[in-house]
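The values are calculated or read from the model by the stated rules, or taken from the named source; none is laboratory data. Model, not experiment: these values are computed from the prediction. Cβ coordinates were reconstructed from backbone atoms using ideal geometry, including for glycine residues, and neighbour counts include every protein chain displayed.
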Amino acid sequence: MQKQSKKLTNLFTRYIIILLLGLGNLFIFYKTLTPLTLYTLKTILSIFTKATISENIITTKNFQVQLIPACIAGSAYYLLLILNLSTPDIKLNKRLKILLLSFLSLLILNILRILFLISINKTILFNPLHEIFWYAISTIFVIAIWIFLVKKYKIKNTPAYDDLRFLSKLVKKKK
């Protein structure tokens, strides 16, 4: 009984964290990830040319790039957080490693995506590729990262589903 109680407390704690971090239009994600993305991009661009930042705009002598919230991909990070926290039976240390690696992977892929789009920004390919990246590639990034981490860390449980099965079994026992 104590094991079930502990598992139930863990379940509710994980979902409360998911809900709290999703409040305010993902404010925490954008507040953290916007400067991280901007300054990482500026640093990379500074290798090739002088780059400055003003608010959310990176300026070089050849172009300006404005990073809007969609460029930061806060919802993709949130989805990775949801997948992580809605998967039961992962020890805290392992969960934090998975979360850190998933966020770092997405940050790197997102920066590569933005750099690629910067490199083609004055071509006719920019708009269609920008749309494809926006709608499809970001989703593929999240799925690929999650599948990679499931294999790497040998995760056996299914996000949300196994929690629902656990709750269902508890309810059936009570009857």
Selection from the range 75-96 of residues in a helix (DSSP H, G or I) and either within 14 Å of the chain's Cα centre (by Cα) or under 12 Å from TYR15 (Cβ atoms) (or both) yields SER75, ALA76, TYR77, TYR78, LEU79, LEU80, LEU81, ILE82, LEU83, ASN84, LEU85, LEU96
Is the range 52-73 home to any residue that is polar (S, T, N, Q), more than 28 Å from LEU167 (Cα to Cα) and touching a residue at least 40 places away in the same chain (Cβ under 8 Å)? no
Just name the residue that is nearest to THR37 (Cα to Cα) out of those in the range 84-100 that are in contact (Cβ under 8 Å) with a residue 40 or more places away in the chain and basic (Lys, Arg). LYS97
Quick one: which helices (runs of 4 or more DSSP H) lie wholly within the range 125-175 and hold at least 1 residues that are closer than 22 Å to ASN84 by Cα and at pLDDT 95 or above? 138-152, 161-174
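Out of LEU129, LEU100, report the one residue that is farther than 25 Å from PHE166 by Cβ and surrounded by 12 or more Cβ atoms within 10 Å (Cβ to Cβ).
Details: LEU100 fails: surrounded by 12 or more Cβ atoms within 10 Å (Cβ to Cβ).
Of the residues listed, the single one that is farther than 25 Å from PHE166 by Cβ and surrounded by 12 or more Cβ atoms within 10 Å (Cβ to Cβ) is LEU129.
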Do we find a residue being acidic (Asp, Glu), surrounded by 11 or more Cβ atoms within 10 Å (Cβ to Cβ) and either assigned to a loop (DSSP other than H, G, I, E, B) or modelled with pLDDT of 95 or more (or both) anywhere in the range 49-63? no
Among the residues of the range 36-47, are any assigned to a helix (DSSP H, G or I) and touching a Ser or Thr at 6+ places or on another chain (Cβ under 7 Å)? yes
Which members of the range 153-167 meet the condition of being within 16 Å of LEU96 (Cβ to Cβ) and either free of Cβ contacts under 8 Å to residues at least 40 places away in the same chain or buried (at least 16 other Cβ atoms within 10 Å of the Cβ) (or both)? ILE155
Matching residues, the range 141-175, being farther than 30 Å from LEU112 by Cβ and touching a Leu at 6+ places or on another chain (Cβ under 6 Å): ASP163
Lone qualifier among SER46, SER75, SER86, SER5 - being out of contact with any Leu (no Cβ under 7 Å at 6 or more places or on another chain), of a type in the set (Gly, Ala, Ser) and modelled with pLDDT under 95: SER5
Test each condition in (1) in contact (Cβ under 8 Å) with a residue 40 or more places away in the chain; (2) out of contact with any Leu (no Cβ under 8 Å at 6 or more places or on another chain); (3) closer than 30 Å to LYS169 by Cα for LEU81 and report the one that comes out false. (2)
